[in-house]
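We did not get these values from a lab; they are worked out from the coordinates using the rules stated. Here the structure is a predicted model, which means the values were calculated and not measured. Counting neighbours? That spans all protein chains shown, and the Cβs are built from the backbone with ideal geometry, glycine included.
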Amino acid sequence: MARDLVGYGAEPPDPAWPGGARLAVSFVLNYEEGGERSVLEGDPESESYLHEVVGAAPTVGGRNLSTESMFEFGSRVGFWRVHRIFTAHGLPLTVYAVGRALEQNPDAARAMVDAGWEVASHGWRWFDYAGLSEDEEREHMRLAIEAIERACGVRPVGWYTGRNTENTRRLVVEDGGFLYDSDDYADELPYWVEVAGKQHLVIPYTLDVNDMKFLIPNGFATGDDFYAYLVDTFEQLYDEGGRMMNVGLHCRIVGRPGRARALDRFLGHVRSREGVWVTTRAEIARHWREHHHPR
């Protein structure tokens, strides 16, 4: 794949957001609990990434019950706290749902659908796909799509692996049922790429405006840290106008009470401003496809 270091350059397009909005805001809730590495799922070791004991080594050949319980908090408690906050504010979001995780909690899947949220695919399992063959990755894509369709009654139209391979985007295009993928952090607006002779829409995601930074070294330490960064990002993009703001959330991270309060405060801040379109990534994709055709 060739790299594009230029992008839109000095003159990005006017996105022409609905209603003349200055800023589109896309909240994403990663639903991963139950899809992480575990010997119960046939993996050689326990999960060691993005949980509260930062830097802990995996347990090889056995279960790590502490790690499992930290993930279980996300599906048992954290998801429902985030659900209450967003529904209280009447704001939509996109769920990046790991297929194996979602099929183990049908109540959460129904709550997502009933809230009018978009459920996009976050792969079949929550691990690094770098070691899988193309055929294995294609099979995992099929399993993920089918799991979400069974749980939600509709197939996903968005894709985000997170730890993807050079084959991932081509497999997304090959499937033919996706409006976009988000395995990208290169821009603040959607853009088109050519993949296997076809035009494909990329809606970039974020790793900086993301609660994952609570669980990595030198990241957010308190809810106030998170809130300040959210507000500063929002205000900068709002002042510039014609931008998109991404916010990455995780059930087991921002679902903790000391972090959830910061999220609730930020949703109130967003709602206090005029000219903001809070929407799902699927709606952003449909808007871009209608108003910004490939060159």
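Tell me, yes or no, whether region 117-125 has at least one residue that is assigned to a helix (DSSP H, G or I), touching a residue at least 60 places away in the same chain (Cβ under 8 Å), more than 13 Å from the chain's Cα centre (by Cα) and surrounded by 16 or more Cβ atoms within 10 Å (Cβ to Cβ). No, there is no match, as no residue in region 117-125 is assigned to a helix (DSSP H, G or I), touching a residue at least 60 places away in the same chain (Cβ under 8 Å), more than 13 Å from the chain's Cα centre (by Cα) and surrounded by 16 or more Cβ atoms within 10 Å (Cβ to Cβ). Return the residues of region 148-170 that are out of contact with any Ser or Thr (no Cβ under 9 Å at 6 or more places or on another chain) and assigned to a helix (DSSP H, G or I); say none if nothing qualifies. Listed by number, the residues that qualify are 149, 150, 151, 152, 169, 170.
Any residue that is surrounded by 20 or more Cβ atoms within 10 Å (Cβ to Cβ), of a type in the set (S, T, N, Q) and closer than 25 Å to residue 48 by Cα - is there at least one of those in region 127-142? For region 127-142, residues surrounded by 20 or more Cβ atoms within 10 Å (Cβ to Cβ), of a type in the set (S, T, N, Q) and closer than 25 Å to residue 48 by Cα: absent.
Considering region 143-183, and only residues there that are of a type in the set (S, T, N, Q) and out of contact with any Gly (no Cβ under 8 Å at 6 or more places or on another chain), the residue that is surrounded by the most Cβ atoms within 10 Å (Cβ to Cβ) turns out to be 168.
Could you say whether any residue in region 256-274 is closer than 25 Å to residue 13 by Cβ and of a type outside the set (A, V, I, L, M)? Yes, there is a match, as at least one residue in region 256-274 is closer than 25 Å to residue 13 by Cβ and of a type outside the set (A, V, I, L, M). Of all the listed residues (32, 36, 41), the sole one being farther than 30 Å from residue 267 by Cα and either touching a His at 6+ places or on another chain (Cβ under 9 Å) or among the charged types (D, E, K, R) (or both) is 41.
In the set 78, 62, 74, only one residue is free of Cβ contacts under 8 Å to residues at least 24 places away in the same chain, touching a helix residue (DSSP H, G or I) at 6+ places or on another chain (Cβ under 8 Å) and either in a helix (DSSP H, G or I) or surrounded by fewer than 23 Cβ atoms within 10 Å (Cβ to Cβ) (or both); that residue is 62.
The rows are residues; the columns are (1) touching a helix residue (DSSP H, G or I) at 6+ places or on another chain (Cβ under 6 Å); (2) within 27 Å of residue 189 (Cβ to Cβ); (3) in a helix (DSSP H, G or I).
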| position | (1), (2), (3) |
| --- | --- |
| 237 | no, yes, yes |
| 245 | yes, yes, no |
| 248 | no, yes, no |
| 253 | yes, yes, yes |
| 264 | yes, no, yes |
| 268 | no, yes, yes |
| 273 | no, yes, no |
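Taking region 261-282 as the range and being without any contact (Cβ under 8 Å) to a residue 40 or more places away in the chain and either farther than 16 Å from residue 229 by Cβ or of a type in the set (S, T, N, Q) (or both) as the test, the residues that pass are 272, 273, 274.
Within region 171-204, being touching a Lys or Arg at 6+ places or on another chain (Cβ under 8 Å) and assigned to a loop (DSSP other than H, G, I, E, B) holds for 177, 179, 182, 183, 188, 189, 196, 203. Please tell me if residue 230 is of a type in the set (A, V, I, L, M), touching a helix residue (DSSP H, G or I) at 6+ places or on another chain (Cβ under 8 Å), touching a residue at least 12 places away in the same chain (Cβ under 8 Å) and buried (at least 16 other Cβ atoms within 10 Å of the Cβ). For residue 230, the condition - of a type in the set (A, V, I, L, M), touching a helix residue (DSSP H, G or I) at 6+ places or on another chain (Cβ under 8 Å), touching a residue at least 12 places away in the same chain (Cβ under 8 Å) and buried (at least 16 other Cβ atoms within 10 Å of the Cβ) - is met.
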